[in-house]
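Notes follow the structure.
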Amino acid sequence: IYDTILLKDVVARYKIRNIYFLESLVAYLADNTGTLVSAKKISDFLKSQRINISPNIVLNYLSFLTNAFLVFNVPRSDLRGRKIFEVTSKYYFEDLGLRHSVVGYKQVDINKILENLVFLHLQILGYKVTVGQLKDKEIDFVCERHREKLYIQVAYLITEKNKKREFENLLAIEDNYPKFVVSMDEVIEKRGYKGIKQIRAEDFLLNSKII
């Protein structure tokens, strides 16, 4: 399936000759799922692998992959100025099985995989999703649908060590829209943490509604 998408929907459609670069780009996105990346950052990495490709060509190839729905491009937005940053984005796979076929399934990637799953569920529910930026804090997902808006942080597990970071990022947002933390473990704060609700990932993914 992966070869069919890559060769028919991308290579043949856009008459691509440098298939090795295309495969290297997909592998990079698979290894950096849910990480903010830019065309320049990708170009610099590929140069370290002795693949000399300009950022403009990287942007073109990224658009080919998103047009084929192999990956989704999720831009970064400024929560205060409502500005969309076009330099950096996150990329998520339409099908995690295809991602795993490229880089394999690794337990160490569980946070990336969970974040990808949450994004896909938000897509199914019809939300327009961006990555929130609030000064030096990052909000995993800013979700908007019609007049509805909510914020979501994703964490594999909530521990005493990371609890403050995951919840405090959301608390820094000064509006009153609903805020959630999605994690794999049991809910530790039944009534929420300072107004922020924690949801088990399984419950989140099986529910057709968030609020």
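The values are calculated or read from the model by the stated rules, or taken from the named source; none is laboratory data. All values derive from a computational prediction rather than experimental measurement. Don't worry about glycine lacking a Cβ; one is built from the backbone with ideal geometry, like all the others, and counts go over all protein chains shown. For accessibility, only protein heavy atoms count, side chains too; no ligands or nucleic acids. Shrake-Rupley method; radii C 1.70, N 1.55, O 1.52, S 1.80 Å.
Across segment 1-38, what is the total count of residues that are in a helix (DSSP H, G or I) and either of a type in the set (Gly, Ala, Ser) or more than 14 Å from Leu65 (Cα to Cα) (or both)?
6
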Note on segment 39-50: residues open to solvent by 20 Å² or more (accessible area, probe 1.4 Å) and either part of a helix (DSSP H, G or I) or in contact (Cβ under 8 Å) with a residue 24 or more places away in the chain (or both) are Lys40, Lys41, Asp44, Phe45, Lys47, Ser48, Gln49
Of the residues in segment 51-78, how many are assigned to a loop (DSSP other than H, G, I, E, B) and within 21 Å of Phe141 (Cα to Cα)?
2
Among the residues listed as Lys128, Lys149, the single one being surrounded by fewer than 17 Cβ atoms within 10 Å (Cβ to Cβ), under 16 Å from the mean Cα position of the chain (by Cα) and of a type in the set (Lys, Arg):
Lys128
Please name all residue pairs, on different chains or six or more residues apart, with Cβ atoms under 7 Å, provided the first residue is in segment 13-36 and is touching a residue at least 12 places away in the same chain (Cβ under 8 Å) and of a type in the set (Gly, Ala, Ser) and the second residue is part of a helix (DSSP H, G or I) and open to solvent by 20 Å² or more (accessible area, probe 1.4 Å).
Ala27/Val102; Ala27/Val103; Ala30/Val102; Ala30/Val103; Gly34/Lys112
Total residues in segment 160-211, condition part of a loop (DSSP other than H, G, I, E, B) and open to solvent by less than 60 Å² (accessible area, probe 1.4 Å)
9
Subset of segment 102-151 [free of Cβ contacts under 8 Å to residues at least 60 places away in the same chain and touching an Asp or Glu at 6+ places or on another chain (Cβ under 6 Å)]:
Lys128, Gln133
Taking only segment 129-139 into account, find how many residues are touching a strand residue (DSSP E or B) at 6+ places or on another chain (Cβ under 9 Å) and at pLDDT below 95.
7
Which is in a helix (DSSP H, G or I), within 18 Å of Asp140 (Cα to Cα), out of contact with any helix residue (DSSP H, G or I) (no Cβ under 9 Å at 6 or more places or on another chain) and not basic (Lys, Arg), of Asn116, Asn111?
Asn111
